[in-house]
Amino acid sequence: MSDCIFCKIIKGEIPSAKVYEDEKMLVFKDIEPKAAVHLLAVPKTHFKLLSEMDEEKAENVKYMLSKIPQIAEANGCKDGYRLIINQGDDAGQTVFHLHIHILGGENLGW
Ligand code: AMP
Ligand code: ZN
């Protein structure tokens, strides 16, 4: 999508601190980290909301989940991490391109 900030990051039109990339997904550092390590994993295919999930999109998310443990551990989250997907206004979603927050690098509390 032309006006989507994460699509622009994927296309390289906006700079980001990339930590992992393959043909299906990109992982980069959150610009306003909420923990010692705060990464965002995004599918290269644009979709806005978790609530738009279908079989094809679920395959994409399944693929990301299969990669995230190794990526998290290689980026300072050896002792654990938390995954978050914000869905919609009540969760405070601000970027409408599905993304998985990876938080860690410290004791996160609960
Ligand atoms: P959410 O509130 O779940 O929609 O999260 C969006 C996240 O994207 C926030 O944590 C922002 O700090 C982050 N963010 C927004 N713009 C950028 C950017 N250009 N580079 C990296 N992270 C960004
Ligand atoms: Zn997008």
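The values are calculated or read from the model by the stated rules, or taken from the named source; none is laboratory data. Predicted model only: the values in this text are computed from it and were never measured. A quick note on method: Cβ atoms are made from the backbone with ideal geometry, for glycine too, and the neighbour counts reach across all protein chains shown. Just the protein is used for accessible areas: all its heavy atoms, side chains included, with ligands, DNA and RNA removed. Shrake-Rupley method; radii C 1.70, N 1.55, O 1.52, S 1.80 Å.
Applied to region 41-47, the Karplus parametrisation 6.51 cos²θ - 1.76 cosθ + 1.60 on θ = phi - 60° returns per-residue 3J(HN,Hα) values of 9, 10, x, 6, 7, 6, 8 Hz, with x for Gly and Pro. For the residue pairs LYS8/LYS34; LYS29/LYS78; LYS11/LYS78, the alpha carbons lie more than 27 Å apart in LYS11/LYS78.
The aspartates and glutamates within cross-link reach of LYS44, meaning a Cα-to-Cα straight distance under 20 Å and a gap of 8 or more places when in the same chain, are ASP3, GLU13, GLU21, ASP22, GLU23, ASP30, GLU52, ASP54, GLU55, GLU56, GLU59. For the chain, the per residue solvent-accessible surface stands at 61 Å², with DNA, RNA and ligands left out and a 1.4 Å probe. When only Cα pairs below 8 angstrom with a gap of at least 6 residues are kept, the chain shows a relative contact order of 31 percent. Here is how the number arises for the chain: DSSP H runs of 4 or more residues each give -39500 (n - 2.57), the sum is divided by the residue count, and the result at 222 nm is -8000 deg cm²/dmol. One way to sum up the overall shape of the chain is the equivalent ellipsoid from its Cα gyration tensor, whose semi-axes run 21, 16, 15 Å, largest first. GNM on the chain, alpha-carbon springs under 10 angstrom: the most fluctuating residue among ALA58, ALA72, ALA41 is ALA58. Summing +1 for each Lys or Arg and -1 for each Asp or Glu among the other residues whose beta-carbon sits under 12 angstrom from that of TYR63 gives +1. Cys residues of the chain that find no other Cys beta carbon under 4.7 Å: CYS77.
Counting only protein heavy atoms and a 1.4 Å probe, tell me what percentage of the chain's accessible area is made up of carbon and sulfur. For the chain, the apolar C and S fraction of the accessible surface comes to 51 percent. Remark on LEU108: its backbone amide H falls under 5 Å from none of the residues 5 or more positions apart or on other chains, H modelled at 1.01 Å from N.
The residues neighbouring LEU103, those whose beta-carbon lies less than 13 Å from its own, together hold a net charge of -1 under the Lys/Arg +1, Asp/Glu -1 convention.
Once the Cα atoms of helix 55-74 and of the chain are each reduced to a long axis, what angle between those two axes, in degrees from 0 to 90 to the nearest 10, is obtained? Approximately 30 degrees, to the nearest 10.
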